[in-house]
Structures are given as C-alpha cells and as structure tokens.
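Trainee: Take a look at the following structure, please.
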Amino acid sequence: MSVRLLRAPSVRALLCQLAAFPLTLLAVYLLARAGLQPSYLHAALLQGLFAAILTWRWRLASWWIAIGLLFAPALYAANGLALPSWLFLAVFLFMLVLYWSTFRTQVPYYPSGKSAWAAVAGQLPQGREVKLIDIGSGLGGLVLDLARRPGVQATGIELAPLPWLASWLRARLSGSPAVFIRGDYELLEFGAYDAVFAYLSPAAMTALWRKAKREMRPGSMLMSYEFTVSEASPSMSLYLQDTGRTLYIWHF
C-alpha cells in the first residue's frame, strides 16, 4: 500500500475496522468462556467499540470515530431488514460513480449555487477573452452559466464519472459551448487559464495553493469558494450574504 493511499482517512478508518475484528473475536471468546453467551448484536457492538477506540487513537476526525462506532451495528441492523442483495450492490455502484475517489482526494460533491456563479462572473476581467476552468466541476452549473456570458471560455474538469457525464450531457443537449473534461485537475497545467475556480474542501487547499503558485501566470487569478489557505492571504474576499459563504480571490 502506497504512503499516499495510507494517508487517506477512509483507508485508515478501514484499517481500524480490520484491526478491531480480531479484538472482537477475542472478546467474544472470553465472554463465552465466562458463560455469558454473547449474541451477534453483542459482537457488532464490541466491533464498533474497538473500531472507535482505534480510530480515536489514530487521531482521525470525530466523524470517523462515529462511523467506526456505528458501522458494524448498522450492518447488523441492515441484515435484520432482509433487504435483497442486489440493492446493496446497486447502492454501492451508484455511490462509486458519484463520489469515485473521494476517499483519496477528500473532496466530496459540493454544489456552489447561483450566488457564487454571479460573484465569480463579476470578478472576471472585462473587455477581453477569458479562459476559466472549474476544477471539480460537479454537475457543471457554474461552467454552463459562465459559458453563456460574452468573452468567457469556460471549462470544467471532474474526476467522478456520474457528475462528469451529467454535465457533458447538459452541455450537449443545450447546445452550450462549455467544455467538460473527465480527469484529475492535479494533472492540469494551470498556466493555460486566466482564472481557476475551486470549491473543494479544507483538506485539498494546501496542495491547490502550491500548484497554483507554481503554475499560474502573472495576471491570472485563483478563486476559491468557502475555503481559504493558511499559506497566503487572499487579495480580496467577497462575503455572499444570502449563502453565508465567502469567495476568496488571489491575483498573481
């Protein structure tokens, strides 16, 4: 297992579950030897307890501790519902194509909304062609909106297959000039764009800033909705009162 993959919180949480299993077996064995006859429910509760303790010891976020505690009991409860097996596969496949490598990138699906689209459009240079890319473009709302505006060449890049397909279809069916790429923005060259927009997560911001600082050209701009970076103060900040979120902008 690569070091990069091991740093992913979801992988660490899974390892905690695996490590808790032999502890659960040992606890069940000792309880049985003591004549207590533990049930499957007791085993599930013990598994959750051990997983939560291990997750806490590995200093993962509080929600991972809660997930570790409740995962095994939730599986036990789901088994009692006697749901058809295909349903679990269908849900898994849907979540897979929707979130894809969120376990690695730590960037879930966050829709930005029309207020953010208008704020971004208002900050773009006027009177000349502007090439903008939305990294992690989701269902493509921002890119489709900006592509309708004069002088804006809007592109979106999305790693998860289902959101990318939905945005690509929206552009094709509406006749929009918006371009949607399926891929990892880390492999992009930011220097090819006048503006980069991001609505990611706090976990991704440090790497994003370092990439932007390394690649973006003088006169270009990085815009991040809601999340800032500790390495550099933004050139300006726009607080959107209707959403309670802020658009941060760095000029290069």
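Bear in mind these aren't lab numbers, they're just calculated from the coordinates by the rules spelled out. Here the structure is a predicted model, which is why all the values come from computation and not from measurement. Cβ: placed from backbone, ideal geometry, glycine included. Neighbour counts: every protein chain shown.
Trainee: Report relative contact order for region 114-251 in percent, whole number only (criteria: Cα-Cα under 8 Å, sequence separation at least 6).
Mentor: It rounds to 22 percent for region 114-251.
Trainee: Taking the Cα of A232, stepping 7 Å toward and past its beta carbon, and measuring to each backbone N in region 177-196: which are under 20 Å?
Mentor: Correct set: 185-196.
Trainee: Which ³J(HN,Hα) values, rounded to whole Hz and listed in residue order, are derived for region 196-211 from phi using the Karplus coefficients 6.51, -1.76 and 1.60 in 6.51 cos²θ - 1.76 cosθ + 1.60 with θ = phi - 60°, glycine and proline given as x?
Mentor: 10, 10, 9, 9, 10, 7, x, 5, 9, 6, 5, 5, 4, 4, 5, 5
Trainee: Oh, and also: In square nanometres and to one decimal, what's the mean projected area of the convex hull around the Cα atoms of the chain?
Mentor: Average projection, Cα convex hull of the chain: 17.2 nm².
Trainee: Based on DSSP loop calls and a cut-off of at most 10 other Cβ atoms within 10 Å, the longest stretch of the chain free of exposed trypsin sites (Lys or Arg not before Pro) is what?
Mentor: Longest run free of exposed loop sites: 129-252.
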